[in-house]
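Here the structure comes first, spelled out in structure tokens, and everything after it is commentary.
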Amino acid sequence: RYRRLKEARAAARCTGYAGAMFPWQSGSSGREESPVLHLNPESGRWTRDSSYTQRHVNIAVAYNLWQYWESSRDTRFMFGAGAEMFLDIARFWASVSTYNRYHRRYEICGVMGPDEYHEHYPGSREPGLRNNAYTNVMVVWLLNKALELLALLPQKQRAILTEKLHLDDKDYATWHDIAHNIRIAFHDDQIISQFEGFGNLKEFDWPEYRTKYEDICRLDRILEAENDSTNNYQVLKQPDVLMLFYLLSLEQVITLFRQIGYVIDCTTIEKTIFYYLERTSHGSTLSKVIHAWVLAPFDLCRSWRLFAESLESDTQGGTTGEGIHTGVMAATIGLVQNRYVGLRIQKHRISFSPLLPVELSGDITFRFRHLGNRFLVRANRQRLTVSLEQSNYQGIVIDVFGNACVLHPGRPRTFLLQEMPLTSAKH
């Protein structure tokens, strides 16, 4: 990514923005290679493709940088190339955000969310949508981290970067202001709107189309062949708002909403999750594994069913011969380790909040590394055992359901899960 930063900066300038704008589909040079036309095999027609407006890829780059920093504390990288990318991405989002005097909040317009079924408003020729909830909330997360990173930088390195990127106190004040006053839309009794106006779209007749077609995963192609469009309906190809609850904990999401002046709780989140689940066609192979993740605290049985279906994603239509989907494979492993076993690493803190489906009747065993330490984890529905196999420290603090303890090298700790407060898993 760093080798392609120059091209990302050029792309931002060409579009009228500051900072770095990484492409949705990148060529080896770092150029945007997303198609502007799409061939629909159902109709044989070429249609306009606005997927290049998925600017949220910039947030993904920053998120991955932060995940690497959290797990490695690689100061040589993060205080140099990492910080330069992260801060330039923050500059981009600050330049994209505009202040709406009527709402007295910042807005982000002309973008497309992860869903991909909605490129523009019904009847409009202008690509992009207003205030995609996933994008806006993750921008708040990103700007928070950018300010945190600035505070972490050694004085000399901070001076070099701020001069190179032309940053000053006015920029930081703007970042803080956006991160506390961005707009999020709601509809239908506090459902978080995928984007502003989503609740005004028509409901879709799912039973009719499930009867009419054998497979409705690609509703965009089906409706275009019928001279209609997914832009007109409350239908999703894959998770959009729900990606917030995949990348961040429920507690983090609630905190971010409160920071920008919206009060939500687990009830709001649960209603939002089920609202969008019932409106999703799962046109992406990653859709079901993401839904399995976010559903786990609320409906573990349904979560497991979606997880099991995700394990067979590469056999759909015999596509394995054309190549395997490593993204889905990684996501299913992550679901077991980081959701069902509940491993979470944040700010030096290693925690576990197991939430194991009854179908996982045997032992789950895996290793992971964090800051040079090697851990071994064994878990089943009755107990969790954590061992520190290799470490430069005499002891490392971990916690299970919020109960902290010190883990010493060569001295495994076992926790009986039936004694733990399972309701804590929702947080």
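The values are calculated or read from the model by the stated rules, or taken from the named source; none is laboratory data. None of the values given here were measured: they were computed from a predicted structure. When we count neighbours, we look across all protein chains shown, and the Cβ atoms used for this are built from the backbone with ideal geometry, even at glycine. With ligands, DNA and RNA removed, areas are computed over all heavy atoms of the protein, side chains included. Shrake-Rupley method; radii C 1.70, N 1.55, O 1.52, S 1.80 Å.
If I ask for residues that are at pLDDT 95 or above and either within 22 Å of N373 (Cβ to Cβ) or open to solvent by 60 Å² or more (accessible area, probe 1.4 Å) (or both), which ones from segment 57-74 would you list?
Passing the criteria: N64, L65, W66.
I'm told Y99 meets every condition in (1) open to solvent by 40 Å² or more (accessible area, probe 1.4 Å); (2) part of a loop (DSSP other than H, G, I, E, B); (3) among the aromatic types (F, W, Y) except one. Can you identify the failing condition by its number?
Only one criterion in (1) open to solvent by 40 Å² or more (accessible area, probe 1.4 Å); (2) part of a loop (DSSP other than H, G, I, E, B); (3) among the aromatic types (F, W, Y) is unmet by Y99, namely (2).
May I ask you to list pairs of residues, at least six apart or on different chains, whose Cβ atoms are under 8 Å apart, with the first in segment 7-33 being assigned to a loop (DSSP other than H, G, I, E, B) and the second being among the aromatic types (F, W, Y) and at pLDDT 95 or above?
Y17/F92; A18/F92; G19/F92; G19/W93; A20/F92; M21/F92; G30/F22
Test R104 against the criterion of being more than 21 Å from T75 (Cα to Cα), in contact (Cβ under 8 Å) with a residue 60 or more places away in the chain, under 25 Å from the mean Cα position of the chain (by Cα) and open to solvent by 40 Å² or more (accessible area, probe 1.4 Å), and give yes or no.
No; evaluated as a whole, the condition is false for this residue.
Kindly indicate which of N144, N136, N131 is surrounded by 17 or more Cβ atoms within 10 Å (Cβ to Cβ) and at positive phi.
N131
State whether one or more residues within segment 248-260 are open to solvent by 40 Å² or more (accessible area, probe 1.4 Å), hydrophobic (A, V, I, L, M, F, W, C) and free of Cβ contacts under 8 Å to residues at least 60 places away in the same chain. First the steps, then the outcome.
Our first condition is that a residue be open to solvent by 40 Å² or more (accessible area, probe 1.4 Å); within segment 248-260, this holds for 251-252, 255, 258-259.
In the following step, the residues that additionally are hydrophobic (A, V, I, L, M, F, W, C) were identified as none.
No - not one qualifying residue is present in segment 248-260.
Considering only segment 214-232, state which residues are under 31 Å from the mean Cα position of the chain (by Cα) and either assigned to a loop (DSSP other than H, G, I, E, B) or among the aromatic types (F, W, Y) (or both).
Within segment 214-232, E214, D215, I216, C217, R218, D228, S229 meet the criteria.
Of the residues that make up segment 266-274, is at least one over 22 Å from D189 (Cβ atoms) and either at pLDDT below 95 or in contact with a helix residue (DSSP H, G or I) (Cβ under 9 Å, 6 or more places away or on another chain) (or both)? Working first, answer last.
In the first step, residues of segment 266-274 are kept if they are over 22 Å from D189 (Cβ atoms); the result is none.
Scanning segment 266-274 turns up no residue that is over 22 Å from D189 (Cβ atoms) and either at pLDDT below 95 or in contact with a helix residue (DSSP H, G or I) (Cβ under 9 Å, 6 or more places away or on another chain) (or both).
For Q382, which of the numbered conditions (1) under 25 Å from E148 (Cα atoms); (2) of a type outside the set (A, V, I, L, M); (3) surrounded by fewer than 16 Cβ atoms within 10 Å (Cβ to Cβ); (4) touching a helix residue (DSSP H, G or I) at 6+ places or on another chain (Cβ under 9 Å) fails to hold?
Failing condition for Q382: (1).
Which ones in segment 102-141 are hydroxyl-bearing (S, T, Y), closer than 29 Å to D220 by Cβ, modelled with pLDDT of 95 or more and outside any helix (DSSP H, G or I)? I'd like the intermediate steps shown before the answer.
Residues of segment 102-141 that are hydroxyl-bearing (S, T, Y), as a first pass: 102, 106, 117, 121, 124, 134-135.
Retained after the next criterion (residues that are closer than 29 Å to D220 by Cβ): 117, 121, 124, 134-135.
The next check asks that each one be modelled with pLDDT of 95 or more; those that pass are 117, 121, 134-135.
Matches in segment 102-141: Y117, Y121.
I want to confirm something. Restricting to segment 181-224 and keeping residues that are basic (K, R) and out of contact with any His (no Cβ under 6 Å at 6 or more places or on another chain), which single residue is farthest from T272 (Cα to Cα)?
My answer is K212.
Quick one: how many residues across segment 304-325 are modelled with pLDDT of 85 or more and either of a type in the set (S, T, N, Q) or within 23 Å of F401 (Cα to Cα) (or both)?
Total satisfying the criteria: 2.
Between residues in segment 59-86 that are touching a residue at least 12 places away in the same chain (Cβ under 8 Å) and residues that are in a loop (DSSP other than H, G, I, E, B), which pairs lie under 6 Å by C-beta distance while being six or more apart or on different chains?
Partner pairs satisfying both residue conditions: V61/R1; V61/F22; R73/L371; F79/L153.
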